[in-house]
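For reference, the structure is listed below as structure tokens.
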Amino acid sequence: MDQKFSAVMNPEKKIITVYRVSKDGKKTELWSMYGWFRVAGLSNDGKHLVSGHDGMNLLPLNHKKDEVMLYFFNEGELINYVTLDQLIKDQSNLQRTVSHLHWGNYLGFDEEGRYIVETVENRKIAFDVTTGKPHNHITSPKGQN
């Protein structure tokens, strides 16, 4: 691929700007959006940004079952979001830490361009970044989905 893309997040202005970066290092602005995220990933095509929960892999003890865990953007426009109750089948499986609950981890993009999360229920879920919908479950305990 001759082109690479980068996303630059400005926490003071809360602006994310995506650039095309040529082989010689020249940056060309493609699109920007309002926001700043602790967890974010940009797809290889430079069009799709995925962001995660501000608490990263931890939730407050008083969290909501429908807490948004993933946002999917196409060139700055929100196309879908995924809530905790869509990721975790049984909320009692959340793991208590000293002050929070651990829900899982953001693994990022795989070689096929899907965005992967791994839950405390030992499931890896792959999302199609063009729709923000689950593509499939990569692994499930004992063959369960």
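Please treat every number below as a calculation from the coordinates, not as lab data. Predicted model only: the values in this text are computed from it and were never measured. Quick reminder, even Gly has a Cβ in these numbers, built from the backbone with ideal geometry, and neighbours come from all protein chains shown.
Within the stretch 84-109, the residues that satisfy the criterion of being in a loop (DSSP other than H, G, I, E, B) and of a type outside the set (S, T, N, Q) are Ile88, Lys89, Asp90, Leu94, Val98, Trp103.
Just one of (1) among the charged types (D, E, K, R); (2) part of a loop (DSSP other than H, G, I, E, B); (3) over 16 Å from Leu42 (Cα atoms) fails for Glu112. It is (3). Do we have any residue at all in the stretch 76-90 that's among the hydroxyl-bearing types (Ser, Thr, Tyr), out of contact with any Ser or Thr (no Cβ under 6 Å at 6 or more places or on another chain) and under 17 Å from Lys133 (Cβ atoms)? Yes, there is a match, as at least one residue in the stretch 76-90 is among the hydroxyl-bearing types (Ser, Thr, Tyr), out of contact with any Ser or Thr (no Cβ under 6 Å at 6 or more places or on another chain) and under 17 Å from Lys133 (Cβ atoms). Is it the case that the stretch 78-94 has a residue that's small (Gly, Ala, Ser) and over 19 Å from Ser6 (Cα atoms)? Yes, the conditions are met somewhere in the stretch 78-94. Here Leu101, Leu78 are screened, and the one residue that is farther than 22 Å from Ser32 by Cα and in contact with a strand residue (DSSP E or B) (Cβ under 8 Å, 6 or more places away or on another chain) is Leu101.
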